[in-house]
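This report concerns only the one structure given below.
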Amino acid sequence: MIRKIVPMMIVIAMLVSSFVIFGGIRANAEENTVSISASEFGVQDAAEATTHKVKGITFKFEKGTGSNPPKYYNSGAAVRTYSGNTMTISADVTITKIVFTLDTSKTGAVSAASGTYTAESLTWEGSANSVVFTTDSGQMRYATFAITYEGELSTEPSDEPATDEPETPVLDTPEKILEAAYALGTGEELAGGNYTLTGVITEVNTAFNSKFGNITVTIVVGEMTDKPIQCFRLINGTGIENGVETIGVGDTITVTGKIKNYRGTVEFDEKCTLDAFTKAAQPGTEHGTEPGTEPATDEPETPVLDTPEKILEAAYALGTGEELAGGNYTLTGVITEVNTAFNSKFGNITVTIVVGEMTDKPIQCFRLINGTGIENGVETIGVGDTITVTGKIKNYRGTVEFDEKCTLDAFTKAAQPGTEPGTEPGTEPATDEPETPVLDTPEKIVNAAYALETNKALDGEYTLTGVITAVNDPYSERFNNITVTMVVEGMEDKPIQCYRLTGEGVAALKAKDKITVKGVLKNYNGKVEFDAGCQLLAVEASQEEVPVPETPEEIVNAAYELESGAAMPGTFTLTGVIKSIDTPWSEQHGNITVTIIVNGMDDKPIMCYRLAGDGAADLAIGDKITVTGSIKNYSGTREFAQGCTLDNVEKAQQPQPQTGDMAVAMFAVVAVLAVAGAVVLRKKSEI
């Protein structure tokens, strides 16, 4: 009997052990998940996605029945598949689950050839070594893949044959060129040199400049109205005469040059060339004129502007950046405002006049100079004087004006108190006092700077002394400059930024230092500043102790106390866990942008902008990293500024096989059975 019992117990032990071992392995295998980002495929921006093996998983993208092949774009860091395209995900193990994340700027519909795909959760479930997904409509923009599998993945290189397709797409159609151009990041240029496009002018951004022989226009190519392209400072190409001088809205032009994304505007870069143009059809004709030829109609293209009323009516009908056709015009009016005082260095003044009773149509005379035979004219004119001006008329960003270098042909001084008539043209004013303000005090200089129109500058250079209220961009050793903001003589409502300030002592500048700066004052997009290249003349360092944050909490809290545009002085080091990958690794630029959480301060994330260093290419969500750099408040985002470095990486822990638990379970089963067997044998011996 005992002989029968013991073998049975051994068999049971073996069965239980096998169940524990293989059942445990299978349970553990089902929990293995690998996360892969589309940016890890190593595909260049706007290039076709083909076959890519990452971390043991093979992705194969095919055009299928679609008209466009799948492509990877840095914008969204995703592979875009179009209607009819297929994506095959395969491995040498059994795949049981796939979860996608998408760049959701555009979405479509997808179906799987096997298993179950749930669109709401972007999840596929099943059991297969290979799964084919077909894009049924719209676009699918795959950013990441979380793939659950059984077994052990092979990380050997893919056996797929190398593709003969170029890594970068051939941009041989206008559609491909514009698609790639609109996928560029800010400041990036389309690779491959010069490109040529033909389109219709929809806007004249900056009128023809006779001095430099260029014009800036915007064109629309074909039906791609959602992808306009600016032609910046366009010049005549070889063999083109009277081209950029005459083109306007509605004309069809062919342009060649480099294409870039300049601060969000897709444009042909400076010195792009006009290769051909066709004037828009005039009323009463069927076709536009041939490039460079006169219009087919005998009717004048523009009405005859032979009265002040007609001139101003036409001027106020101009679009932004457009110039009144027909050359120079002459108007006489009364000065209602001196916009910029007389500048003795350049011999000009800017004033606004009203012609006759047309008070609703004032016209500015920008940088007005004395005409032939006029002496002591622009030097003396002021509000109330009557002047005659000749020049080109344009709409400059909504302001109707005589363009730069318009001329003063005659002037009559306004009647002085106690006299009836005004002075005769060309005579001295009745008073010795200048009628325009002299900017000889800090208050006058700052007020004049704040009266500037957008992107206009005060003539000449000025010197101001103020107290630093913010360090906007820390000192750059590479460029030997710094950007700070200062307040002059308590005028806190009128701060002055010192942009890329240079000179001895700039490296040590900090908040509350008193500085003296010299340079050109301008209004840059609404911000009043000393322009780039301004000089630091003197520094009076603040003696006030400025506490330096030391602990991670102090550093993060100090960052969140910064005003928008301000930076913390010096460099800092923080360690945190990656919360998000904001911009994937760029092979071209050698950097990545991530956001970290420091010491559990979830409400105060810190972005690491264009982070570089060993290991940056392999960063993933959950990794713990140490970063060093300057910290600033960029439009509300607290960040390590560009140039920050990755000092250390601790990769996130991956799930480990539960071999210990299985061994314990096996040992326990065998031990129990052994004890039971011993007890039985003992009982037998006792019998």
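Just so it is clear, none of the values below were taken in a lab; they were calculated from the coordinates. Everything numeric in this text was worked out from a predicted model, so none of it was measured. Note that we place each Cβ from the backbone using ideal geometry, even for glycine, and neighbour counts take in every protein chain shown.
Some points to look at:
- R0 of 51 Å, Cβ-Cβ distance E189-A508: FRET efficiency to nearest 0.05: 0.90
- Space enclosed by the convex hull of the alpha-carbon atoms of segment 552-650, per residue, Å³: 86
- Counting neighbouring beta carbons within 10 Å and listing from fewest to most, the residues V517, V338 come out as V338, V517.
- Label-zone membership for segment 457-479, site T516, 7 angstrom Cα→C-beta point, backbone N under 15 Å: 462-467
- Here r is the Cβ-Cβ distance between V170 and T116 and R0 is 41 Å; the resulting FRET efficiency, rounded to 0.05, is 0.55.
- Highest-first packing order for the peptide set 459-466, 120-127 is 459-466, 120-127, based on the mean count of other beta carbon atoms within 10 Å.
- Distance (nanometres) between label positions extended 7 Å along Cα→Cβ at M224 and T107: 2.8
- Directionally averaged shadow of segment 308-412, computed from the convex hull of its alpha-carbon atoms, nm²: 6.1
- Distance between the C-alpha centres of segment 87-146 and segment 379-400: 66 Å, rounded to the whole angstrom.
- Count, lysine Cα pairs under 19 Å in segment 308-412, 8 or more residues apart or across chains: 8
- Cα-projected label distance for E461 with E443, points at 7 Å along beta-carbon direction, nm: 2.7
- The lysines whose alpha-carbon is closer than 28 Å to the alpha-carbon of K512, local same-chain residues fewer than 8 away aside, are K444, K494, K522, K527, K604, K632.
- Computed from Cα atoms alone, the Kirkwood hydrodynamic radius reported for segment 469-578 is 14.9 Å.
- Sorted fewest first by neighbouring Cβ atoms within 10 angstrom, M491, M568 come out as M491, M568.
- Neighbour-limited loop hits for GluC sites (Glu not before Pro), segment 497-569 (at most 13 other Cβ within 10 Å; DSSP other than H, G, I, E, B): E504, E544, E545, E550, E561, E563
- Positive-pole candidate from G503, S476, V517, dipole of segment 442-540, charges at beta carbon: S476
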